[in-house]
Every structure is written in structure tokens, then in C-alpha cells.
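The structure appears right after this line, and notes come after that.
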Amino acid sequence: MLHTEIASLMNEKGKMFEWASKIEYKKQLDTEEKEISTVVDAWAKQIGEKGSDPNMEISNFVVKVVAPEVYDVPDELLDSMFDRGSIGEFDDYQINEDPKNTLIAYDSAKGGNVNKSYIDVTKVAPVWKHKQVETEITYADLRRNGVKTIANLTVFSEEALKNKMFFDIFSQIDAAIGGGEQLINAGGATLTPAALDALALYLIDRGENPMTVSLSKYSQQIAKMAGQVTFMSEQMKNDFNRYGLVNFYNGLRIGHISGAKRTGDNMQLLPDKRVFGIAGKIGTLDMRGQLRVLETFDNNREKVDLKITGFEFGTAINKIDKIAKIVLT
């Protein structure tokens, strides 16, 4: 059975996930984390030897450690784009779009009548996505790798769920921008000052603290544009010299996502040949229900099947005018 001390640490926000991340990415462990590794290693190997987990401790471990990371940990980018919340597993909702002023003022004689006009109010329903991960761990792997097997399962489960959510959200944003001022064609495979200036003008007119989000290779193009360094503060110049990236372009914060970061099916987290622009909150992002982990032991094949399910999120974009994109070819 999992040591009482470890079970207690699982209730400390982020404690065990930080430990698992250090194991996975081969970072230095402190004294307490080394003790955790010893206990978890013995626990995992015992399960591999006996081929049973009567108290469902693997399931409980994943739920206790992974669920807070995918539901509760702040995400600076998504938090800046959406109002965040959570609802029950069987709940639903709608939100109103910002009303458009479509009232028309007509010329009229005093005391006369004109055609009625109406305020355009539209309800938006969230787009719900349910994500599920199914995998298996062999008894041999538990006996051989022990603590490493548990760390892998913990970190990879969190990454698989969050990366897929990020991918889906930006795919939805990409599909929502179909034309008009919000769609800016760069006219080639390289970003141009003209395209970025058009994006900046559109966003600055529509919100506070506007930003761009793109793969890092496009952020580097922005950083290398002629004349950009001239307008930087000394600190910004230091960052530019150190990292090769600028923090701002014509009033836009520059955000970048590594092109090396991918989903489990090898998709980049952002659509390629795109620079997205966002001018403040564009809608809501809600989590529905809670994470559940089901485990089934198969002694004939000497493995344990794991189903990580219940990860459901809904996005409702009701301020579509606050997003735009540059498209490259």
C-alpha cells in the first residue's frame, strides 16, 4: 500500500506532479523527493510482482496528481483569452454575444413614424470536447522501472490532455476567422511589416493588451525585422540579445509556442502558417465534470489496462471581433 506520508503529499497542490516532472526530465531531486522516489519505486514494483492493486491506488494516484494540473493550474495564455470556470458533468449553458448596435436612425417628420430596427442579440452555445486516454502498463515494466513508470504515466497523461485541449481551441479559433478585416494575407511564406502593422491596427482598435500567438519560428521573424530593436527599452534589448525574441511589436505582446511541442499524434499545438492576434477576452472556457481513471488487471497477459476519461471542456467564443490572423503561404 502507498505509504501514508506519500498519500498525504498527494493532497499538497502540485507537490507530486513536480516530483514526477523532475523524474521524467532528469532534474536534481531534493532529500524529500528522493525519499518519495524510494517509496513509490517499492510500491510500483510490488504491484508488478503481485499483479493486483485491490485499492485502485494507481487510479487514485493519477486522479489526485494529474487532475489538479489539468483543471486548476493557471494557464497565462488561456486565462488571458477566456473567462474560466467549471460546471457539473451533466450541466450545460449558453452565453449571449455582445449585442450589436443595429438600430437605424431615419429622417422623419415630427410626430411621424419610421421603420422599426432591432438590437442584434445572439446566444452562443459552447463547443464541447471530451478527451480520453487509454494505455497499458506491463507487470514487467513496473518491476523493472518502478518509479520511472509511474512518473512517465503521470507527466505524459497531463501533457496529452492539455496539449490536445490547446490544439482544439486554436483550431476552433482558426476556423472562426473566415474573411474580412480579420483575415490578413501576408502574400508569401515570410511575415512582412505591412501584415503585422495591419494586425496591430485591427487589434489595438478592439481591446486592451492585445497579443499575437504563433509558432516560435514566426516570432523569430518578427524579432529580426529591420528597425524593431531601435524602439526597445534597455531591458527589452537585453532580452533580445539573450533570447533572440522581442516582447512587443507596435503595441502587441508577442507570444510564441515551440514548434517542437506536439500532441501524441505528432500535431503541432498551433496551425502552421498562421499568426493569431487576440485583443483581450474572447469568450468562456469551462471544464465539465471531473477526471476519472479506470484500471483493469489482465493476469493472462500480465498487464494493467488504464482508461483516463472524463476530461471535458467547452469553449464559447462570443467576441469573435477580438480575434484576427495573418495567413502565410
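The values are calculated or read from the model by the stated rules, or taken from the named source; none is laboratory data. This is a predicted model, so every value here is computed, not measured. We place every Cβ from the backbone using ideal geometry, glycine too, and count neighbours over all the protein chains shown. Note: accessible area is taken over every heavy atom of the protein model, side chains too, but ligands, DNA and RNA are not part of it. Shrake-Rupley method; radii C 1.70, N 1.55, O 1.52, S 1.80 Å.
Just a few scattered comments:
- Asp98 passes every criterion in (1) at pLDDT 90 or above; (2) touching a helix residue (DSSP H, G or I) at 6+ places or on another chain (Cβ under 9 Å) apart from (1).
- The strands (runs of 3 or more DSSP E) located wholly in the stretch 285-329 that include 1 or more residues which are of a type in the set (Asp, Glu) occupy 292-298, 303-317.
- Restricting the stretch 152-164 to residues that are touching a helix residue (DSSP H, G or I) at 6+ places or on another chain (Cβ under 8 Å) and more than 16 Å from Val304 (Cβ to Cβ), the residue that is most open to solvent (accessible area, probe 1.4 Å): Lys162
- Selection over the stretch 1-26 of residues that are part of a loop (DSSP other than H, G, I, E, B) and of a type outside the set (A, V, I, L, M, F, W, C) gives a count of 7.
- Applying the criterion of being in a helix (DSSP H, G or I) and either at pLDDT 95 or above or open to solvent by 30 Å² or more (accessible area, probe 1.4 Å) (or both) to the residues of the stretch 67-90, the residue that is farthest from Leu142 (Cα to Cα) is Ser80.
- Subset of the stretch 27-54 that is outside any helix (DSSP H, G or I) and without any contact (Cβ under 8 Å) to a residue 24 or more places away in the chain - its residue that is surrounded by the most Cβ atoms within 10 Å (Cβ to Cβ): Leu29
- Hey, Trp128 touching a strand residue (DSSP E or B) at 6+ places or on another chain (Cβ under 7 Å) and either under 30 Å from Ala151 (Cα atoms) or free of Cβ contacts under 8 Å to residues at least 40 places away in the same chain (or both) or not: yes
- Looking across the stretch 91-113 at every residue that is open to solvent by 100 Å² or more (accessible area, probe 1.4 Å) and in contact (Cβ under 8 Å) with a residue 24 or more places away in the chain, the one that is farthest from Trp128 (Cα to Cα) is identified as Gln94.
- Every residue from the stretch 260-270 that is open to solvent by 20 Å² or more (accessible area, probe 1.4 Å) and either assigned to a loop (DSSP other than H, G, I, E, B) or at pLDDT below 85 (or both): Ala260, Lys261, Gly264, Asp265, Asn266, Met267
- Within the stretch 281-313, if we keep just the residues that are surrounded by fewer than 20 Cβ atoms within 10 Å (Cβ to Cβ) and of a type in the set (Gly, Ala, Ser), the residue that is nearest to Pro210 (Cα to Cα) turns out to be Gly289.
- Single residue of Gly180, Gly188 found to be surrounded by fewer than 17 Cβ atoms within 10 Å (Cβ to Cβ) and without any contact (Cβ under 8 Å) to a residue 12 or more places away in the chain: Gly180
- Residues that are over 19 Å from Leu328 (Cα atoms), modelled with pLDDT under 90 and under 24 Å from the mean Cα position of the chain (by Cα) occur at least once in the stretch 209-216.
- The stretch 230-259: number of residues that are over 30 Å from Lys319 (Cα atoms) and either of a type outside the set (Val, Ile, Thr) or at pLDDT 75 or above (or both): 14
- Only one of the numbered conditions (1) of a type outside the set (Val, Ile, Thr); (2) open to solvent by 70 Å² or more (accessible area, probe 1.4 Å); (3) part of a loop (DSSP other than H, G, I, E, B) is not met by Ser117, and that is (2).
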